[in-house]
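The values are calculated or read from the model by the stated rules, or taken from the named source; none is laboratory data. This is a predicted model, so every value here is computed, not measured. Cβ: placed from backbone, ideal geometry, glycine included. Neighbour counts: every protein chain shown.
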C-alpha cells in the first residue's frame, strides 16, 4: 500500500485525476474536535485506493481511543456520497501509530492562529515554557495535563494572562 500525505509530511503520491479528486474532497473535511483543521491537515488520511468496485480510504486515528474517529468516518462517507461515490470502504490502520509529525506545517500554523499551541517534539507536556499562541511569550504555566479534549493540555500565559490549549505530541 502506498502511503498518503501523512507518512513524511509530504504531498501524497497521486496516480490519477480520480485519486486527486478524492484527496480534494478529503482536504475539506473538518476535524470534529478542532474544526479549524481538516483531516488532511492532521495527517490521519494514510491512503486512497480506487478500484472498479470501491473507493477505499485508509485512516489512522490520532490515538486509538479518539472519540472523534466515528464522526470522522461518517463525515468522510457523507462527503464522498454527496460527490457521487457509491461503495465507500473505510479502513482503520493502527500501526504505525499516528504521530504529530504527520501534521502538515499548514495545520500547525492553523492551530497557532486559532489560539492552540502547536505540538513541539522537544516535550510531550512540559511544566512550563510552551510558546503562547497569543503573544508568543515562553513565560507560560501548565494548569492541567488535560485541556478541552484528551489530546490537549491547558496552559496559561504569565505575560498576557490568556489561557490556551497545547496540542500534545504523540
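Can we say residue 28 is in a loop (DSSP other than H, G, I, E, B), surrounded by fewer than 16 Cβ atoms within 10 Å (Cβ to Cβ) and modelled with pLDDT of 95 or more? Spelling it out, residue 28 is indeed in a loop (DSSP other than H, G, I, E, B), surrounded by fewer than 16 Cβ atoms within 10 Å (Cβ to Cβ) and modelled with pLDDT of 95 or more.
Answer with yes or no whether residue 62 is touching a helix residue (DSSP H, G or I) at 6+ places or on another chain (Cβ under 6 Å), surrounded by 20 or more Cβ atoms within 10 Å (Cβ to Cβ) and under 24 Å from residue 105 (Cα atoms). Full working, then the answer.
Details: touching a helix residue (DSSP H, G or I) at 6+ places or on another chain (Cβ under 6 Å): no; surrounded by 20 or more Cβ atoms within 10 Å (Cβ to Cβ): yes; under 24 Å from residue 105 (Cα atoms): yes.
Here the answer is no, as residue 62 does not meet what is asked.
Can you confirm whether residue 5 is within 30 Å of residue 164 (Cβ to Cβ) and either in a strand (DSSP E or B) or modelled with pLDDT of 95 or more (or both)? Against the criterion (within 30 Å of residue 164 (Cβ to Cβ) and either in a strand (DSSP E or B) or modelled with pLDDT of 95 or more (or both)), residue 5 does not qualify.
Let's see how each residue does on (1) out of contact with any strand residue (DSSP E or B) (no Cβ under 9 Å at 6 or more places or on another chain); (2) in the same structural domain as residue 38 (by TED's automatic domain parsing); (3) in a loop (DSSP other than H, G, I, E, B):
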| position | (1), (2), (3) |
| --- | --- |
| 90 | no, yes, no |
| 95 | yes, yes, yes |
| 108 | no, no, no |
| 119 | no, no, yes |
| 131 | no, no, yes |
| 136 | yes, no, yes |
| 141 | no, no, no |
| 147 | no, no, yes |
| 153 | no, no, no |
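For the range 71-83, the condition holds for no residue, the condition being that it is out of contact with any helix residue (DSSP H, G or I) (no Cβ under 9 Å at 6 or more places or on another chain), part of a loop (DSSP other than H, G, I, E, B) and surrounded by 13 or more Cβ atoms within 10 Å (Cβ to Cβ).
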